[in-house]
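Have a look at the structure below before the remarks.
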Amino acid sequence: MPEEKNIKNKEIRKLPASTKYYEYFAIGLVQVITAFVFLILFLVLGKIFYEGAGIIDYQFLTEAPRNNMTEGGIGPAIFGTVSVMFLMIIFAVPIGVFSAVYINEYAEDNLAQRVIRASVNNLAGVPSIVFGLFGLGFFVLFIGKNFDEVMGTGLLLGQPAMLWASATLAVLVLPTIIISTIEALNAVPHSQRAAAYGLGATKWQTIKGVVLPQSRSGILTGIILAVSRGAGETAPVLFLGCAFFLPQLPVAYLDLGLFAVPFINPAEQFMYLSYHIFILATQSSNPTLTMPVQFGTAAVLITLTVLLNITAVIFRFKFRRTLQVVREN
Amino acid sequence: MDTQSPYAKKISKRFRAKEKLIKYFFFLNGFVTVLLILLIFLFLLKESFAGYTDFNLSEYFFTEKTLADGSTEKIFEWFPTSEDQRLSIVPLILGTLLTAIPATIISTMLGVFVGIYLSEIAGSRLREILKPIIELFAGIPTVVLGFFMLVVGATYFQDVFFTTSRLNAILAAVGLSFIIIPIIATLTEEALRSIPLELRMASYSLGATKWQTISRVIIPTAVSGISAGIILGFGRAVGETMIVLMASGNAAELTLDVFRSVRTMTATIAAELGEVSAGSQHYFALFFIGTVLFIGTFLLNLIAELIINKMRKKIRF
């Protein structure tokens, strides 16, 4: 028995050399795999930008497609994307921010609050195509059709249109806005609220005058992330009014007698950047000839979402620094 | 009431009523989300169980065909537009699994290592750079990845694997891993970082090396967090539409071969909802697929959340 023990001890003394190599191997493997993942990701992006960068110029970004989509630009698709995002923000931001204020400031730890939180988390996990089903079935065929029937407007809203696409995307990005706003509100130090109460402010006065102004850039981060998410989504808007090609922009004119004011017409169909890539790659009559346009559009869409994300990161950084200053003083 | 200061009385009834009104206003807004999720679920349910009275719900899974000798055979086919309409979602579920499972396996093998690197090996400076980059990748529009797999990836793949169909399940799975690797990597990193420093220090003081600490102390402790990340990634793969729509080939076959074209549940809705006439049995079948997706991803998310909550309790000794 003692002998065996000795042998074991010797082996333990021997271990360091082999352990060392094993150690190098294991850690090296983790590093190599990580490098591989980042390399592949950059190669994909690099390929898209390499193929797409050549075509992108001012004309590409502003002109309409010409010659069976093989020439011209993606101006209407960019216009459509911006319009839909604009409407989406109008729908989603008030409800999202107010819900977050309720969850973080008013709600006590009771059943209602837990149900609301669980719903937010669930909504965030619903597959995007299900939002498309919901948008078509509920917004277009239920609300739109009934609206037309009741108001006698013929076929105005009972068909896929920009209004319903933005409403559906608003439902999709609602959790993003709520979760970021809760984070922003939560980061405002308790002492700030206590100080406001100490000065005799009511709850609403505290929220309006202290909490919301301080979490402004945090809330903005959430809105930017929501836009980035919405602009990148394709599946929900597939059946909600995206068009392959439109001869004119979805703009209507409000006649005021002396002059006409142009405004985005939410009852119209629209072109959408992400849908443009999808439809050109899968259903255009000549996918090889439109290849440069496809890569160019993909590069534009990636640039748009990445720029939005970087802006959000910067805002978040700024927000954290502001709060740090508040805490230190 | 007696202890209130005389100034407090100055908050008039009007003021108090206003505060109450504002509170209810916010509550209503908060309740919108609950309403929406209920509305989505009930609407999907209503549409998927609507339809013709002579339609049996079991036909969503199989149809029975009488053979020449009088015996019946179960057929699992998705032929929504043929005259003899068959609406079995079994091949679609199989297609979803054939893309989502390989995607999760690939992403787990790579994503967990990236998470370990970010949390344990990378210096704090490098991590501050790499983490936002990983998050940026998670934000790449999926249509771009689908487009890339369709236009570039498919050709490379065919040259390497000599597959019979240019677009197939494994190609879609590789496309899906681009969005799932960031999810698994981020959640693994979070799970590893939530482990208290004392545990690492205790391991080091017993003479363990860095890798021994990682593989025998940190990963076993964080295993539930990592598995929650994997489940969430799988749920995302099941629910993803554009990548599979563009890269999987969209042939609704009853196959287990990942090198053949498959058709997933999400891609079926995306490809067919545009052409279907509202109120037809095919239309209701698409809503039924939507309900299955909704419930499936809901359950996956629920499991992941329960695991994460359990782990949080465990770590807070």
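What is the helix-to-structure angle for A:273-283, meaning the angle in degrees between its Cα long axis and the longest Cα principal axis of chain A, kept from 0 to 90 and rounded to the nearest 10?
90
Over chain B, with a Gaussian network built from C-alpha contacts below 10 Å, which listed residue (B:ARG127, B:ARG166, B:ARG263) shows the highest mean-square fluctuation?
Checking each option, the largest mean-square fluctuation is seen for B:ARG127.
Residues of the protein assembly as shown: accessible area per residue at 1.4 Å, in Å²?
With all protein chains present, the protein assembly as shown gives 49 Å² per residue.
Past 20 Å, Cα to Cα: identify those pairs from A:LYS20/B:LYS131; A:LYS203/B:LYS20; A:LYS47/B:LYS131; B:LYS210/B:LYS313; B:LYS210/B:LYS314; A:LYS203/A:LYS318, in the order given.
A:LYS20/B:LYS131; A:LYS47/B:LYS131; B:LYS210/B:LYS313; B:LYS210/B:LYS314; A:LYS203/A:LYS318
Mind giving me the nanometre distance, one decimal, between the label points for A:THR19 and A:ALA187, set 7 Å out from Cα along Cα→Cβ?
Output for this residue pair reads 4.3 nm.
Compute the helix-to-body angle for A:2-52: its Cα long axis versus the longest principal axis of chain A, expressed 0 to 90° and rounded to tens.
Result, in degrees: 20.
Where in chain B are the DSSP H helices whose C-alpha atoms run 15 Å or more along the long axis and whose mean Kyte hydropathy is at least -0.5?
Span-like helices here: B:13-48, B:90-116, B:124-138, B:169-193, B:219-239, B:281-315.
Can you compute the FRET efficiency between A:VAL251 and B:PHE162 using 1/(1 + (r/R0)^6), with r the Cβ-Cβ distance and R0 = 45 Å? Round to the nearest 0.05.
0.30
What number do you get for the range B:166-252 when its Cα radius of gyration is normalised by 2.2 N^0.38 Å, N = residues?
Here the answer is 1.50, to two decimals.
Please work out whether chain B counts as rounded, prolate or oblate from its C-alpha gyration tensor, where a ≥ b ≥ c are the square roots of the eigenvalues and a/c under 1.5 means rounded, while otherwise a/b larger than b/c means prolate and anything else oblate?
Here chain B falls in the oblate category.
Peptide B:265-275: average number of partner chain Cβ atoms within 10 Å per residue?
4
Just to confirm a number: summing +1 for Lys and Arg and -1 for Asp and Glu over residues other than B:ILE214 whose beta-carbon lies under 12 angstrom from that of B:ILE214, what do you get?
Taking every Cβ under 12 Å from that of B:ILE214, the sum is +1.
Show the residues, 5+ positions off or on another chain, whose built amide H is closer than 5 Å to the amide H of B:ARG86.
For B:ARG86, the qualifying residues are B:PHE79.
Summarise the partner chain shielding of A:69-79 as one whole number: the mean count of Cβ atoms from other chains within 10 Å of each residue's Cβ.
0
What does the convex hull of the alpha-carbon atoms of the range B:178-317 project to on average, in nm²?
11.1
Relative contact order for chain A: what percent, with Cα pairs under 8 Å and sequence separation of 6 or more?
Computed value for chain A: 24 percent relative contact order.
Can you give the longest stretch of chain A with no exposed loop site, where a site means GluC sites (Glu not before Pro) in a DSSP loop (not H, G, I, E or B) with at most 16 other C-beta atoms within 10 Å?
By the stated rule (loop sites, at most 16 other Cβ atoms within 10 Å), A:109-329.
Using a Förster distance of 41 angstrom, determine the FRET efficiency expected from the C-beta separation of A:ALA118 and B:VAL152, and round it to 0.05.
With a Förster radius of 41 Å, E is 0.50.
When you look at the Cβ of every residue in B:142-155, what mean number of other chain Cβ atoms sits within 10 Å?
Mean partner-chain Cβ count within 10 Å for B:142-155: 6.
What net charge is computed for the residues neighbouring B:ARG260, neighbours being all others with C-beta under 14 Å from the C-beta of B:ARG260, Lys and Arg scored +1, Asp and Glu -1?
Local charge sum for B:ARG260: 0.
Using a Gaussian network for chain B with springs between C-alpha atoms less than 10 Å apart, which of these wobbles most: B:GLY225, B:GLY70, B:GLY239?
Maximum fluctuation in the GNM of chain B, among the listed residues, is at B:GLY70.
In percent, what relative contact order does chain B have, based on Cα pairs under 8 Å that are 6 or more apart in sequence?
Relative contact order here is 24 percent.
For a Förster distance of 45 Å, can you work out the FRET efficiency between the beta-carbons of B:ALA17 and B:ARG312, rounded to the nearest 0.05?
0.65
Based on Cα positions only, what radius of gyration and what Dmax would you give for the protein assembly as shown, in angstroms?
Rg then Dmax for the protein assembly as shown, in Å: 27.8, 108.
Modelling each spin label as a point 7 Å along the Cα-to-Cβ direction, I'd like the A:ASP148/A:TYR58 distance in nm, to one decimal.
Computed distance between label sites A:ASP148 and A:TYR58 equals 4.2 nm.
Residues of the range A:86-122 with the amide nitrogen closer than 14 Å to a label point 7 Å from the Cα of B:PHE298, along Cα-to-Cβ, please.
Answer for this model: A:118-122.
Which value, in Å³ per residue, describes the convex hull spanned by the Cα atoms of the range B:57-159?
Convex hull of Cα atoms, per residue: 211 Å³.
The values are calculated or read from the model by the stated rules, or taken from the named source; none is laboratory data. Remember, predicted model here, so these are calculated numbers, not experimental data. As a convention, Cβ positions derive from the backbone with ideal geometry for all residues, glycine included, and neighbour counts pool all protein chains shown. All accessible areas refer to the heavy atoms of the entire protein, side chains included, with ligands and DNA or RNA removed. Shrake-Rupley method; radii C 1.70, N 1.55, O 1.52, S 1.80 Å.
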